[in-house]
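S.K.: One structure, as structure tokens, below. Some questions next.
No lab work stands behind these numbers, since they all come straight from the coordinates. Treat the numbers as computed from the prediction; the structure is a model and nothing was measured. Reconstructed Cβ throughout: ideal geometry from the backbone, glycine too, with neighbour counts over all protein chains shown.
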Amino acid sequence: MSELDDLLKSIPIGDIASKLGVDESTAGAAVAQAVPTLLHGLQAHADADGPAPEDLTKAADAGDGEGVVKGLFGDKTDDVAHAAAGEAPAGVSSDLIKKVMPLLAPMVIAFVTQKLMSGKGGGQQQAGGAGGALGQILGGALGGGGNAGGLGNILGGVLGGGGSGGGAGGALGSVLGGLLGGKK
């Protein structure tokens, strides 16, 4: 089982469905699109200058999913949600993706932080800092995600990157690379 599968199984779909006012099937489909989207956002964040990872963690710890999403995608949030919805099954709109991402962001950050703290990618910590470890974790999580490649390519274009091309540097890049489908 991939790390992405582990993350997806840990998400309380029933609770998400209740908060969104949709059935569990629709909520599950939205979650299945939004989680890789958030992970790709973390990957892009590791590759670019944005809020410090600590700022995203603080926002997640405070339950500020909107703050995490804004920190990851900024003014491109609508474009990212539209791209993610384009890959989703019928019934999952960009509006639904925009609603679910802030609910999921603290869970995704907690998952990645837990993986970082457990030492995955820690070997690169000295050479690459926190970026390499995060990259390894994220690369591993998205590695078994099935449809992550197409979504990654689309999101790479929206976020100004090359899709599944180059990876994040340092520890963050290695963790993200592992979650996203390979060591980056």
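S.K.: Each residue of region 106-113 in order: what ³J(HN,Hα) in whole Hz does its phi give by Karplus 6.51 cos²θ - 1.76 cosθ + 1.60, θ = phi - 60°, with x for Gly and Pro?
M.R.: Per residue, the Karplus-derived 3J(HN,Hα) values read x, 5, 5, 4, 4, 4, 5, 4 Hz.
S.K.: If you don't mind, another one. Test of understanding: what is the full-extension gain from residue 93 to residue 75, defined as 0.36 nm times their sequence separation minus their Cα-Cα distance?
M.R.: So the chain would gain 4.6 nm between residue 93 and residue 75.
S.K.: Points 7 angstrom from Cα along the Cβ direction at residue 5 and residue 58: gap in nanometres?
M.R.: Between residue 5 and residue 58, the simple spin-label model gives 3.8 nm.
S.K.: Arranged from highest to lowest average of other beta-carbon atoms within 10 Å per residue, in what order do the peptides 38-46, 14-22 appear?
M.R.: By packing density, highest mean first, the sequence is 38-46, 14-22.
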